[in-house]
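Below: one structure, written as structure tokens.
The values are calculated or read from the model by the stated rules, or taken from the named source; none is laboratory data. Please read these numbers as outputs of a predicted model, since none were measured by experiment. Backbone-built Cβ (ideal geometry, glycine too); neighbour counts: all protein chains shown.
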Amino acid sequence: MNLIHSLIPSFSRAPVVAQGHDEKDLGPTVQPRYEIKETDEAFGLTVTLPGVTKDNLEITAEGESLRIVGKRSWSRPDDWSVIYRETTDATYLLEIDHDNAVDTEKVHAELRDGILRLSLPKAEEIKPRRIEIA
Amino acid sequence: MRYIRYNYPTRRSLPVAAFGRGAWNGLESEIDRLFNAALAGTQNAAAAGRFPVDAYQDTNNVYVRAELPGFKRDAINVEVVDGYLTLEASREAEGEKGQTKAKVNRSIALPEDVQTEGVSAAYVDGVLTVTLPKKEEAKPRKISVAVK
């Protein structure tokens, strides 16, 4: 959807029913590469966010979704001119729906060298459990 | 291999809830899913040993910035050979078959006015910045002539 929004800006206008988030202040966004692994206890989310520092990273858990916004901390000094570019300055935005399968109170996050590692413990309700037979 | 995830019927997918939700919401996630599927191949570019690189210059230096998230400093190798800048990085990755070594590398042709001495590199927040000083004769010079 971010791609469509960047190609056709009028698409990003909120439809009649208000959307949960206001994305106008973010400017162009790009979805970072990410990976989700699952164990019995938790989901592990790894997001690559090169150029993002702790202060520029915002993780919000709201309702049934998790939202990660990473702004780039580095900006080109005025006297540097571009020879060649492959990267973009767009803000990273990743939204993941978890359908309440995650206990958002116990989320643990760690950012190191441009890699964000999130541990999302599963909600008690969906953890596998053994049922004793009486 | 891709999975299309099974979604448990939640409050959101129940027809009653549809009144409260925009007609766009379902379409949006469907479009997201299609785009993600279509772009899945391109997103693996990094896994294929490539990473994006930028080049900048100012009056004294040429700067090369590369996005290399998640590497240790001593696993990054920067070399200047025959007018080419070679960036190489490796890391131990946990694959399905235990520990595997992932290696990425890239060579960039340098402009002619770059000096091979005095090259420095810094790795901050997953971004490697290599600073290459320009040759003295390539720098703009200001000569003041005394007028008698």
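Numbers for the structure displayed
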read-out	value
Lone qualifier among A:LEU49, A:LEU45 - being within 12 Å of chain B (Cβ to nearest Cβ) and within 10 Å of the chain's Cα centre (by Cα)	A:LEU49
Residue tally, condition in a strand (DSSP E or B) and over 22 Å from A:THR46 (Cβ atoms), over the stretch A:66-101	4
Unique residue being surrounded by 19 or more Cβ atoms within 10 Å (Cβ to Cβ) and of a type in the set (Ser, Thr, Tyr) when the list is B:TYR56, B:TYR84, B:TYR63	B:TYR56
The stretch A:74-94, subset over 18 Å from B:VAL53 (Cβ atoms) and more than 9 Å from every other protein chain (Cβ to nearest Cβ), residue farthest from the chain's Cα centre (by Cα)	A:ASP78
Of the criteria (1) more than 9 Å from chain B (Cβ to nearest Cβ); (2) touching a Lys or Arg at 6+ places or on another chain (Cβ under 8 Å); (3) assigned to a strand (DSSP E or B), which one A:LEU111 fails	(1)
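Listed here are the residues, each with its yes/no results for (1) surrounded by 14 or more Cβ atoms within 10 Å (Cβ to Cβ); (2) closer than 25 Å to B:GLY26 by Cβ; (3) modelled with pLDDT under 90.
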{"site": "A:ARG13", "(1), (2), (3)": "no, yes, yes"}
{"site": "A:ALA18", "(1), (2), (3)": "no, yes, yes"}
{"site": "A:LEU26", "(1), (2), (3)": "yes, yes, yes"}
{"site": "A:VAL30", "(1), (2), (3)": "yes, yes, yes"}
{"site": "A:ARG33", "(1), (2), (3)": "yes, no, yes"}
{"site": "A:GLU38", "(1), (2), (3)": "no, no, yes"}
{"site": "A:ALA42", "(1), (2), (3)": "yes, no, yes"}
{"site": "A:VAL47", "(1), (2), (3)": "yes, no, no"}
{"site": "A:ILE59", "(1), (2), (3)": "yes, no, no"}
